[in-house]
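Here is the structure we will look at, set down as structure tokens.
The values are calculated or read from the model by the stated rules, or taken from the named source; none is laboratory data. These figures come from a predicted structure and were not determined experimentally. Glycine also receives a Cβ, built like all others from the backbone with ideal geometry; neighbour counts cover every protein chain displayed. For the accessible areas, the whole protein counts, side chains as well, though only heavy atoms, and no ligand, DNA or RNA atoms are used. Shrake-Rupley method; radii C 1.70, N 1.55, O 1.52, S 1.80 Å.
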Amino acid sequence: MLNISSFILIVNLMLGLSQAETPSTKPNIIIILIDDMGFNDVSFHGSNQILTPNIDALAYNGVLLNKLYVPNLCTPSRATLLTGKYPIHTGMQHYVIITDEPWGLPKQERLMPEFFRDAGYSTQLIGKWHLGFWEKDLTPTMRGFDHHYGYYNGYIDYYDHTLHMLTKNYTKGVDFRRDLDPCPQDNGTYATDAFTAEAKRVIEQHDKSRPLFMVLSHLAVHTGNEDNPMQAPEEEVAKFAHITDPKRRTYAGMISSLDKSVGQTVKALSDNGMLNNSIILLYSDNGAPTVGIHSNQGSNYPFRGQKESPWEGGIRSAGAIWSPLLQQRGYVSNQIIHAIDWLPTLAAAANVELPENLKLDGVNMWPSLSGNIEPQPRRLLHVMDDVFGYSSYMRDNLKYVNGSSFEGQYDQWLGDLESGQDDPLSPYYAQQVLSSEVHAVIGSQSVTNERIEQMREEATHRCPLNEQDHLQEIYLCEPLKAPCFFNLAKDPCERFNLANLYPLQLQFLSQEVEQFRQNAVPSARVPISDERANPKLHGGYWEWWNETAVGGSPKIVSWNLTTLLGVLLLFRVL
């Protein structure tokens with residue numbers, strides 16, 4: 001018995017063998033997706049507390065994405081990346097998938113890996129999924145990925161790879177797989193290291209007659225289980241003795257491990273002769289949760305808010321893109337770009353044709369990024385959650401906020417770093433970048449000490465010093481009582497609410513939000529606990545638990561060996 005996905009993979013492999021062993025002309029696409037990292041936790045945005053020389057080298061040699069926006073939560077953000085659509089157009093706009101909830105990204109949505117696989121790519125997902133697994137055909141290898149090594153849920157323990165729902169009377173379950181099979185042999189390996197090793201293996205064993213599409217979706221720097229949330233190798237944490245807060249110090253160790261991973265992944269591409277025809281995109285799925293649920297004490301400062309809020313701190317992502325195919329490199333891009341744009345942008349860069357009936361919300365930003373074109377205005381819907389009752393919208397530099405999450409608990413300016421806790425190596429910051437593993441393999445002669453300092457200054461954000469002015473009653477924003485709007489060009493930290501001064505402009509913005517609401521689909525979330533998910537019922541693993549999928553189980557085709565070989569030989573002759 002052979003399932004259809006496996007048969008297609010075998011056919012593709014046979015077709016590959018029949019081709020000349022020449023490198024593919026299509027570029028390799030590598031997406032490094034970081035989980036819950038703060039905007040202020042990469043050193044290219046000006047912080048000297050945690051240095052990230054490999055990540056920074058990628059940005060300085062490529063394009064530093066200074067105005068990259070994302071949805072404010074894990075599940076909506078990942079759905080947006082893979083569909084090119086706003087969460088309100090896929091039903092993924094409300095909250096995240098809780099482990100035992102029976103729902104996922106709707107099956108009618110075609111995903112980025114499917115399009116790239118159809119174009120001849122080998123499609124690989126390493127790490128986090130978080131788009132549903134209650135039915136088998138919602139899992140990654142059923143949604144366009146040839147291979148998956150990682151976990152299905154929102155987080156796991158960094159070492160034993162379990163997820164423990166402390167609020168439920170469930171057995172602690174392991175959530176770690178190689179394709180569809182449990183992967184207990186890697187128990188005890190720090191998750192960042194495990195995913196890095198797998199990425200290196202995929203790259204080293206890659207058949208270069210096919211292009212590679214790989215999403216390296218890290219657990220870092222999301223917290224682990226709630227009873228042991230902050231985990232990093234001791235030797236990494238020891239590098240940050242200058243940070244007095246123990247939780248923040250461990251977070252720094254998690255960032256440091258992640259930065260090393262970026263260096264090793266880029267070097268692997270170089271060692272295997274793939275770097276000169278690759279596009280590497282790196283960004284965080286949303287802002288850091290400084291406080292509250294799953295808090296990692298990341299910093300989005302000086303921006304307002306954090307993860308799962310309507311403010312810049314929740315939706316502004318630290319990111320960079322690098323490729324020798326970019327005509328202009330080594331600059332800070334102030335073009336507004338959103339996660340909805342990556343599907344059409346990367347498809348255009350790779351000359352991958354997309355169906356005309358996709359109804360994407362994103363646009364192809366490759367010409368703008370590659371040519372360093374003057375920034376163009378954008379209209380972006382950041383959040384629309386009518387269950388929790390808040391929305392966030394932007395027209396060019398005007399930002400509209402109506403309502404808030406958690407009764408406004410995250411509406412402040414969080415994560416301001418204590419003074420006097422700079423890394424002792426920060427006076428030699430530029431040299432740290434120039435000595436990094438990434439710069440060693442992609443470094444341009446134009447990236448000098450002076451250029452690094454110049455780009456870093458351009459990408460450093462500061463709030464106006466007139467601290468008291470925004471406390472005047474006319475500027476106060478209380479989004480739970482009335483909508484607010486801000487001019488981000490003059491007020492990137494969202495301190496001066498202009499709604500009372502310009503009520504007509506507020507009305508226009510509100511009407512534009514309402515237009516989006518009229519075209520929204522209902523939330524796909526099913527907010528119930530399904531006890532069939534209990535790992536006790538699945539051999540101690542988190543596994544799909546609905547055996548009869550709504551859309552039908554994956555079709556099984558029975559082949560005898562002679563028939564199978566005959567079909568494969570026919571494909572090879574063709």
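With the gyration tensor restricted to C-alpha atoms of segment 397-541, the semi-axes of the equivalent ellipsoid amount to 37, 32, 18 Å, longest first. Note on residue 128: accessible area approximately 0 square angstrom, rounded to 10, probe 1.4 Å, nucleic acids and ligands left out.
Radius of gyration over Kirkwood radius for segment 289-379, both on Cα atoms: the Rg/Rh ratio is 1.04.
Per residue, the chain exposes an accessible area of 39 Å² to a 1.4 Å probe, with every protein chain left in place. Here the average projected area of the convex hull drawn through the C-alpha atoms of the chain stands at 26.1 nm². Here's the picture: charge each Lys and Arg Cβ at +1 and each Asp and Glu Cβ at -1 in the chain, and of 443, 116, 300 the one pushed furthest to the positive end of that dipole is 116. Can you list the aspartates and glutamates whose alpha carbon is less than 17 Å from that of residue 239, not counting same-chain residues fewer than 8 positions off? The reachable aspartates and glutamates, counting only those whose Cα sits under 17 Å from residue 239, are 41, 259, 422, 423. Nearest 0.05, what FRET efficiency do residue 235 and residue 476 give at R0 = 30 Å with Cβ-Cβ as r? Result of the calculation: an efficiency of 0.05. Highest mean packing first, where packing is the average number of other Cβ atoms within 10 Å per residue, the peptides 426-437, 303-314 line up as 303-314, 426-437. Centre-to-centre separation between the Cα atoms of segment 145-208 and those of segment 433-505: 36 Å. Along segment 134-142 the Karplus relation, 6.51 cos²θ - 1.76 cosθ + 1.60 evaluated at θ = phi - 60°, assigns HN-Hα couplings of 5, 10, 4, 7, 9, 7, x, 6, 9 Hz to successive residues, with x for each Gly and Pro. Were the residues from residue 228 through residue 327 laid out at 0.36 nm apart, the gain over their Cα-Cα distance would be 31.1 nm. Rounded, prolate or oblate for segment 368-433? Axes are the square roots of the Cα gyration tensor eigenvalues, ordered a ≥ b ≥ c, and the cut-off for rounded is a/c under 1.5. Note, shape of segment 368-433 comes out oblate. Note on residue 387 and residue 159: the model spin-label points, each 7 Å out from Cα along the C-beta direction, lie 3.5 nm apart. Taking every Cα-Cα distance in segment 393-470 and sorting them into 10 Å bins starting at zero, the pair-distance distribution P(r) comes out as 12, 27, 27, 24, 10, 0 percent.
Computed on protein heavy atoms with a 1.4 Å probe, the accessible areas place 181, 385 in the order 181, 385, largest first.
Within the same chain, aspartates and glutamates fewer than 8 places from residue 208 are excluded, and of the rest, those with a Cα less than 12 Å from its Cα are 21. Counted residue by residue at 0.36 nm each, then reduced by the alpha carbon distance between them, the extension gain from residue 48 to residue 119 reaches 21.3 nm. Annotation for segment 66-142 versus segment 294-345: alpha-carbon center distance of 19 Å. For segment 37-52, the residues whose backbone nitrogen is under 20 Å from a point 7 Å from the Cα of residue 440, taken along Cα to Cβ, are 51-52.
For segment 379-441, the carbon plus sulfur part of the accessible surface works out to 45%, probe radius 1.4 Å. Near residue 29, the amide H atoms lying under 5 Å from its own belong to 212, 213, 214, 279; only residues 5 or more places off or on other chains count, and H is placed 1.01 Å from N.
Cross-link partners for residue 67 among the lysines, with Cα-Cα distance under 27 Å and sequence neighbours closer than 8 places in the same chain left out: 85, 128, 260, 307, 359, 399, 490.
For residue 209 and residue 180, a Förster radius of 30 Å and the Cβ-Cβ distance give a FRET efficiency of 0.70, rounded to the nearest 0.05. Report the calculated FRET efficiency for residue 507 and residue 107 (r = Cβ-Cβ distance, R0 = 30 Å), to the nearest 0.05. With a Förster radius of 30 Å, E is 0.15.
For a modelled paramagnetic label at residue 189, 7 Å from Cα along Cα-to-Cβ, the residues of segment 252-288 in reach, with backbone nitrogen under 15 Å, are 261, 265. Counted residue by residue at 0.36 nm each, then reduced by the alpha carbon distance between them, the extension gain from residue 379 to residue 409 reaches 8.1 nm.
Note that segment 31-178 shows a convex hull volume over its alpha carbon atoms of 152 Å³ per residue. What you get for the chain, charging only the Cβ of Lys and Arg (+1) and of Asp and Glu (-1), is a dipole of about 1280 debye around the Cα centre. Zone of residue 245 (label point 7 Å along Cα→Cβ, backbone N under 12 Å): which residues in segment 395-435? Backbone N within reach: 414-419.
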